[in-house]
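Here the structure is laid out as C-alpha cells; the discussion comes afterwards.
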C-alpha cells in the first residue's frame with residue numbers, strides 16, 4: 001500500500017471517529033431528555049425550552065467568535081492576531097488579563113476564541129490569563145453588579161477577575177517553561193504547530209477572502225466545524241444545567257454558603273462551581289444571602305468561582321482542552337477565587 005493510500009486511510013478513520021464521537025454526544029442528550037420526560041413530563045418540556053433559550057441567548061457571542069475565527073483563518077490574519085499575543089511573556093499575560101476583564105464574552109462565548117488562539121500557536125500562559133479573567137466581569141456585568149451589590153463589590157469583582165488572570169497566566173508560564181502542557185488542545189480540535197508556523201513564516205493577509213475560491217471554502221469549513229463542535233457540547237451543558245436548576249433548590253445553596261468567616265468563603269468557593277447558574281441570575285441571590293448574614297468575601301468567591309467554572313463552561317473546556325489543562329484551569333479558578341474572597345473579606349474587616 002502506498003504512502004498516499006495510507007494517508008487517506010488514516011484520514012478516513014479520523015473522520016469516522018469524529019462522526020462517532022459527535023453522535024455519542026447527541027445520543028446522550030436525547031437519552032437525558034427522554035428519561036427526564038418519562039419520569040417528569042413537565043420538567044422534560046422545561047429542560048427543552050431552557051436549552052433552546054440558553055442557546056439563543058448565547059448565540060450572538062458564539063456567532064461573533066466563530067465568525068472572527070473563521071475570517072482570521074480564511075484571510076490569513078490569524079498570524080497577525082497570534083503575534084499580538086506574543087512577545088515578552090510577562091507583558092503579554094498582563095495585557096491578556098486586562099483585556100479579559102474588559103471583554104464582553106461570557107464563559108461559553110469565549111470558548112471558540114480560545115480555541116482559535118491556541119490553534120494559532122498563541123502561548124498557553126497568555127491564553128489562560130484571558131480565559132480565566134474574561135467570564136468573571138464585563139462592562140454590562142459591572143454596571144449590573146453596581147446596581148445590585150454596590151460600587152465597592154463591583155470594583156472588587158473586576159480586580160478579582162484581572163488578578164485571577166494574572167495569577168493563572170504566571171503559574172501557567174512557570175509550568176510551560178518547565179516543559180509541561182506542550183499540547184493543550186485535544187486531538188482534532190486544533191494544531192498549534194500549524195498556527196505557530198504562520199507566526200514563524202508570516203504572509204500578508206488577504207482581507208477580501210471572498211474573491212478566492214479556496215479561501216471561501218476554508219471560511220465555510222472552519223466556521224461549520226467550530227459551530228458543530230460547540231453546538232453538541234453546549235447543548236449537553238445547558239440540558240444538564242436545566243436539571244440542576246430544577247433539582248438543586250436555591251435555599252440549599254443559601255444554607256450551604258451562609259454565615260461568616262474563612263469557612264464560609266471556602267464553602268462558597270466549592271459550592272459556587274456546581275451550584276452556579278448564571279452571572280446575572282446569581283447577583284440577586286448573592287445580594288439576598290449577604291442581607292441574611294453571608295460574608296461579602298464569601299459572596300465574591302461564589303461569583304468568581306462560579307463564573308469561571310460554571311457547568312456550561314466546564315463542559316466546553318473539557319471538550320476543548322486536554323485533561324491536564326482542564327485540571328489546571330479548575331485548580332487555578334478555585335485557588336484564585338478563594339484568595340480573592342479572603343482578601344476582600346480582610347479588606348472589608350479592616
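Do we find that residue 283 is out of contact with any strand residue (DSSP E or B) (no Cβ under 9 Å at 6 or more places or on another chain), crowded, with 20+ Cβ neighbours inside 10 Å and modelled with pLDDT under 80 in this structure?
Yes, satisfied.
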Practice task
Could you tell me whether segment 44-56 includes any residue that is at pLDDT 65 or above, within 21 Å of residue 310 (Cα to Cα), assigned to a helix (DSSP H, G or I) and over 24 Å from the mean Cα position of the chain (by Cα)?
Solution key: yes
Exercise for the section: Check residue 79 against each of (1) modelled with pLDDT of 65 or more; (2) surrounded by 15 or more Cβ atoms within 10 Å (Cβ to Cβ) and name the one condition it does not meet. Expected result: (1)
Problem - Any chance residue 233 is modelled with pLDDT under 80 and surrounded by 14 or more Cβ atoms within 10 Å (Cβ to Cβ) - result: yes
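The values are calculated or read from the model by the stated rules, or taken from the named source; none is laboratory data. Keep in mind that this is a model prediction, so the values were computed, not measured. We place every Cβ from the backbone using ideal geometry, glycine too, and count neighbours over all the protein chains shown.
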